[in-house]
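Structure first, commentary second.
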Amino acid sequence: MSLFNRYKQENRSLEPQFQEKTVITKPKEFWEMESKLHTFLLEELKKYPNQDEGEEKAKIRELSQVFFDQEGDRMTFEEKQDVLTYVEHELMAYGPITPLLENPQVSEVMVNSPNEVFYEKNGRILKADAVFQDDMHIQRVIEKIVSPIGRRVDESSPMVDARLPDGSRVNAIIPPLALKGPSLTIRKFSEKPFTITDLVSFGTLSSEMAEFIDICVKSRLNIFISGGTGSGKTSTLNVLSAFIPNEERIVTIEDAAELKLNQDHIVSLESRPPNIEGKGQITIRDLVRNSLRMRPDRIVVGEVRGAEALDMLQAMNTGHDGSLSTGHANSPRDILSRLETMVLMAGFDLPVRAIREQIAGAIDVIVHQARLKDGTRKITHITEVLGMEGDTIVLQDLYLFRESGRTEDGRINGSFVSTGIRPKFTEQLELNGFNLPASWFAGEW
């Protein structure tokens, strides 16, 4: 007779059909046995310090067999393996969500409550069969993630942004702000950073657009990447950063370090939240101002979302050409409005026209990326900032993504097209030794 009946679900594969009312649980006996094995292994592993990951995993399996010989006489082989897997993940990784984090096809993991774990795969959100024991179990995993990078999460600071060792972005929020219990969201990054060739093969942009952006970066144009949440802005920023020549000094500024650049001369800066006394905070704005004293050839800001927009624009307008940054917006025009608002957040009573002149003088190209309804990510606009006309910033679209319908399986059909207009900065690109083929701009007009 089995010690406990394993929980059952119709589809236990990694890709179950989403059912809103499906509740996945494990019996009390499972968690009792998991806790016993976990405690046993913690004590026994203290006798074997300084082991590498492979040795520790082998030792865990060896000691687990000893434990099951003593405690698991009423358990089936499958039940023992299930308990052992959970304990292995708890000791060596991030608990029940470890298989999702290790699956390269999963792009995002979302934990809403102990029995509600979701993941994104191929643009679709699905429910996972992973379960936590309780709220404290989730909180222990959160602590395991944030502690190594000097972040904290508690009642006085119930929200935290962090990262995994591979650069994956982590956000956690706990009660009293999260009413259902601790919530964890992890946006995974590829172990091997994407290249421009990858983005072209994914259909994110065309080869002509890729070559055009490459030339713009190497010609030290200031480029701003806009888009909605999850549209792929940071991945695109990482790809564009790879075009920066190796001999240039690059300063990257981020809330949580995510960029993976391969150049030799890189200084990576990361903001710091306040300590438990509410002191010691270092903001993105502080880092942007400090970076100007570090003799940068390029300044790359992971995301502009507040008063640092003013300092970023000042840097772009004072000789730091070739700067890159990202921001949330629905369109190229919207990012200009958001930048105006963010500059005003700096607390200076600046005239709107003065702000717009700063923006028009600072930004040369806006690359807008969107996540379409079928889950695919596309660069829908490459837009040139022409300057001011009266009180309005004039924009000119150079490349667009045109939708042309849907396939039977719901995928969006479309194509990347040139508007047929050569950019105003063509002469600048040619002075840098780049020739723009006429075929790149043989478009609609």
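Kindly check whether there is at least one residue in segment 342-363 that is under 21 Å from Glu211 (Cα atoms) and of a type in the set (Asp, Glu).
no
So that you can scan it fast, the table gives a plain yes or no per residue for (1) surrounded by fewer than 19 Cβ atoms within 10 Å (Cβ to Cβ); (2) of a type in the set (A, V, I, L, M, F, W, C):
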residue: Leu42; (1), (2): yes, yes
residue: Tyr48; (1), (2): yes, no
residue: Gly54; (1), (2): yes, no
residue: Ala58; (1), (2): yes, yes
residue: Phe67; (1), (2): no, yes
residue: Thr76; (1), (2): yes, no
residue: Pro96; (1), (2): no, no
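Could you check segment 406-424 and list, in sequence order, the residues that are assigned to a loop (DSSP other than H, G, I, E, B) and among the charged types (D, E, K, R)?
Glu408, Asp409, Arg411, Arg422, Lys424
Can you run down the residue pairs with Cβ atoms below 9 Å, 6 or more apart or on separate chains, where the first is in segment 361-383 and without any contact (Cβ under 8 Å) to a residue 40 or more places away in the chain and the partner is outside any strand (DSSP E or B) and of a type in the set (S, T, N, Q)?
Close Cβ pairs (under 9 Å, with a partner that is outside any strand (DSSP E or B) and of a type in the set (S, T, N, Q)) amount to Thr380/Ser331.
Please determine whether any residue of segment 204-211 is surrounded by 16 or more Cβ atoms within 10 Å (Cβ to Cβ), touching a strand residue (DSSP E or B) at 6+ places or on another chain (Cβ under 6 Å) and not assigned by TED's automatic domain parsing to the domain that holds Gly420.
Scanning segment 204-211, I find no residue that is surrounded by 16 or more Cβ atoms within 10 Å (Cβ to Cβ), touching a strand residue (DSSP E or B) at 6+ places or on another chain (Cβ under 6 Å) and not assigned by TED's automatic domain parsing to the domain that holds Gly420, so the answer is no.
Please count how many residues of segment 425-442 are outside any helix (DSSP H, G or I) and surrounded by 15 or more Cβ atoms within 10 Å (Cβ to Cβ).
Going through segment 425-442 one residue at a time, the tally reaches 3.
Just need a number here: residues in segment 222-252 that are over 15 Å from the mean Cα position of the chain (by Cα) and either surrounded by fewer than 23 Cβ atoms within 10 Å (Cβ to Cβ) or of a type in the set (Val, Ile, Thr) (or both).
Residues that pass the stated criteria total 14.
Counting only residues that are in contact (Cβ under 8 Å) with a residue 24 or more places away in the chain, part of a helix (DSSP H, G or I) and of a type in the set (D, E, K, R), how many does segment 137-154 have?
Residues meeting the conditions: 2.
How many of the residues making up segment 47-70 are assigned to a loop (DSSP other than H, G, I, E, B) and either within 36 Å of the chain's Cα centre (by Cα) or small (Gly, Ala, Ser) (or both)?
Of the residues in that region, 4 qualify.
State whether the residues of segment 61-76 include one that is at pLDDT 85 or above, touching a strand residue (DSSP E or B) at 6+ places or on another chain (Cβ under 7 Å) and among the β-branched types (Val, Ile, Thr).
no
List pairs: first residue in segment 244-258 and among the charged types (D, E, K, R), second residue outside any loop (DSSP other than H, G, I, E, B) anywhere in the structure, Cβ distance under 7 angstrom, at least six positions apart or on different chains.
Between residues of segment 244-258 that are among the charged types (D, E, K, R) and residues that are outside any loop (DSSP other than H, G, I, E, B), the close pairs are Glu248/Arg298; Glu254/Glu270; Asp255/Asp161; Asp255/Ile284; Glu258/Arg163; Glu258/Arg169; Glu258/Thr234.
Scan segment 155-211 for residues that are of a type in the set (Asp, Glu) and part of a loop (DSSP other than H, G, I, E, B) and jot them down.
Listed by number, the residues that qualify are Glu155, Asp166, Glu191.
Output the number of residues of segment 382-398 satisfying the condition of being in contact with a strand residue (DSSP E or B) (Cβ under 9 Å, 6 or more places away or on another chain), within 14 Å of Leu336 (Cα to Cα) and not hydrophobic (A, V, I, L, M, F, W, C).
Qualifying residue count for the region: 4.
Would you say Ile253 is under 18 Å from Ser325 (Cα atoms) and among the β-branched types (Val, Ile, Thr)?
yes
Looking at Ser331, Ser337, Ser241, Ser235 in this structure, which one is among the hydroxyl-bearing types (Ser, Thr, Tyr), under 23 Å from Ile379 (Cα atoms) and free of Cβ contacts under 8 Å to residues at least 40 places away in the same chain?
Ser337
In segment 71-106, which residue that is among the polar types (S, T, N, Q) and part of a helix (DSSP H, G or I) is farthest from the chain's Cα centre (by Cα)?
Residue satisfying both the conditions and the ranking: Gln81.
Those residues that are surrounded by 14 or more Cβ atoms within 10 Å (Cβ to Cβ), at pLDDT 90 or above and farther than 16 Å from His137 by Cα, I need them from segment 163-201; list them, please.
Those that are surrounded by 14 or more Cβ atoms within 10 Å (Cβ to Cβ), at pLDDT 90 or above and farther than 16 Å from His137 by Cα: Val170, Asn171, Ile186, Arg187, Ile196, Asp198, Leu199, Val200.
Results for (1) out of contact with any Pro (no Cβ under 8 Å at 6 or more places or on another chain); (2) of a type in the set (A, V, I, L, M); (3) not assigned by TED's automatic domain parsing to the domain that holds Gly227, shown as yes or no for each residue.
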{"site": "Met345", "(1), (2), (3)": "yes, yes, no"}
{"site": "Arg356", "(1), (2), (3)": "yes, no, no"}
{"site": "Lys373", "(1), (2), (3)": "yes, no, no"}
{"site": "Arg377", "(1), (2), (3)": "yes, no, no"}
{"site": "His381", "(1), (2), (3)": "no, no, no"}
{"site": "Val385", "(1), (2), (3)": "yes, yes, no"}
{"site": "Leu395", "(1), (2), (3)": "no, yes, no"}
{"site": "Ser415", "(1), (2), (3)": "yes, no, no"}
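When Ile412 is evaluated against the numbered criteria (1) of a type outside the set (Lys, Arg); (2) under 18 Å from Gly375 (Cβ atoms); (3) without any contact (Cβ under 8 Å) to a residue 24 or more places away in the chain, which criterion, by number, is the only one it fails?
(3)
The values are calculated or read from the model by the stated rules, or taken from the named source; none is laboratory data. The shown structure was predicted, so the numbers you read here are calculated from the model rather than taken from an experiment. Backbone-built Cβ (ideal geometry, glycine too); neighbour counts: all protein chains shown.
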